[in-house]
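Below is one structure; the comments refer to it alone.
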Amino acid sequence: MDKEVTFTEDLDSSNIRIKQFDRARRHLADLKQGLIEFLCHPKRSICVSFPIEVEDGSIRTFQGFRVLHNNSLGPGKGGIRYHPDLDLSEVVGLAFLMTWKCALMNLPYGGAKGGVVCNPKELSEVDLRHITRRFISELGDNIGPYTDIPAPDMYTDEKTMSWIYDTYDIMHPGRNNRPVVTGKPISLGGSFGRHEATARGVLNATEHFLNKSPLNGLDDLDGATVVIQGYGNVGSIAAHLFRQAGAKIIAISDSQGGVYKKAGLDLIALDQHKQEQNTVVGLLDTTSVSNNDLLTLECDILIPAAIGNQINQNNVEQIKARVIVEAANGPITPIADDTLLAKGIPVIPDILANAGGVIVSYFEWMQNLENEQWTYDEVNEKLRRKMDKAVEIVLDCHKTLIANQDDDKAVDLRTAALVVAIRRIADVTLSRGIWP
Ligand code: GLU
């Protein structure tokens, strides 16, 4: 178990997003103040409370949220997460990220996010089904195929999406409701490739970044050493995809801790161990490391793929990776961003690196609207093209920002990605014309 650490920096998710937005604003001097204010506030925040009779017979009250941050580009899009520490501010911050992510990826969506405060590890499948159905019925017509479209996020999966679809379909009989939610099982209109899309997008972004902007001899994944924090849907699949691409996974962790092996982990043995023991910790022939020590290991590529604020004021000085790829949402705090920039460690930001999930969600939505099923290869090829294009746009914007600024302050890739995204939303908002 990791030891308790104290923080002096502000770790509030919404405040962090505003700070990141403020950094980008410096390069968007022509944006009107009123428009900036509008982009800093969520359009709509819904909080619901509801009782559930859980399997042990007791009645418990759960709190749920759905935040639509912005819908200038199209309907809200974003996941639903189940987590005991969730609060409204976190959901707002995550909805912000979805707005920027969808804009950066040129998807016809605004940003949204939702969740229920609960601990799925302590609830049965029946409890989770009841919670999901009740939550979706409480949201009523605030979600819909053309208004706000949920998807999987932390501790929700294909099964959760099936219950969301089924509940909405029962509430709206007689029409094609499949596009109301993405990340569904294939049998219910899910897309091939959606399950591993986030991890595959992380791989695409990393490969293309290294190819376009090599790091002193590191221009592909062949032989590159990789450390991954997190063994959920993204971390575990990314480990296999990076391994197949020629990289060596030297350390990986889950919420209980991590394992390290300099020569590279045996991923088959690791999966088996995780399945049997419910943790990666204790895998034969490996050294145990805490989640914090794992982040500070020497490696070429560090992939935080777990929760937010993991690289922060307290550990950033010790980071030794050559590049960080944000597979999780918001794993690096603003103070840590500054230090990494000063240390010359590039960060491929979350809204770029982990956009593969929402990109294939968009493909699923399109297939549902047209009653089509694209092949696995078709989906992966379209995903790769979208990721490559976005990497190039961010690198170009980064170069332009550096060339155009009048001081010699360094600029990071997060700021460049945000400038592209905010510019797109601002342009669309203004060309639609402010209502009325
Ligand atoms: N939850 C994922 C994200 O944070 C996917 C969202 C979606 O597919 O709509 O990007």
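Which residue, ILE250, ILE351, ILE186, has the most motion in a Gaussian network model of the chain that connects Cα atoms within less than 10 Å? Looking only at ILE250, ILE351, ILE186, the biggest GNM fluctuation is shown by ILE186. Where a Cα-Cα gap under 18 Å defines reach, which lysines qualify for LYS101, not counting those fewer than 8 residues away within the same chain? The reachable lysines, counting only those whose Cα sits under 18 Å from LYS101, are LYS19, LYS43, LYS77, LYS113, LYS382, LYS386, LYS389. Each peptide in 373-384, 323-334, 28-39 receives the mean, over its residues, of other Cβ atoms within 10 Å, and ordering these scores from highest gives 323-334, 373-384, 28-39. In terms of Cα to Cα distance under 16 Å, which lysines are near enough to LYS159, apart from those fewer than 8 places away along the same chain? Output for LYS159: LYS121, LYS184. Only DSSP H runs of four or more residues enter the estimate; each adds -39500 (n - 2.57), and after division by the residues of the chain the mean residue ellipticity at 222 nm equals -14000 deg cm²/dmol. Under a Cβ-Cβ cut-off of 13 Å, what is the net charge of the residues other than GLY246 that fall near it, where Lys and Arg count +1 and Asp and Glu count -1? Once positives and negatives cancel, what remains is -3. Listed by chain and number, the lysines whose alpha-carbon sits under 16 Å from that of LYS409, ignoring those within fewer than 8 places in the same chain, are LYS343, LYS399.
As a fraction of the 1.4 Å probe accessible area of the chain, surface on carbon and sulfur atoms comes out at 49 percent. From the Cα gyration tensor of the chain, with a ≥ b ≥ c the square roots of its eigenvalues, which class applies: rounded if a/c is under 1.5, or else prolate if a/b is larger than b/c, or else oblate? Judged from the Cα gyration tensor, the chain comes out rounded (a/c under 1.5).
The values are calculated or read from the model by the stated rules, or taken from the named source; none is laboratory data. Since we're looking at a predicted model, the values are computed, not measured. Heads up, the Cβs are rebuilt from the backbone with ideal geometry, glycines too, and the neighbour counts pull from every protein chain shown. Accessible surface is based on the protein model in full, side chains and every heavy atom, while ligands, DNA and RNA are left aside. Shrake-Rupley method; radii C 1.70, N 1.55, O 1.52, S 1.80 Å.
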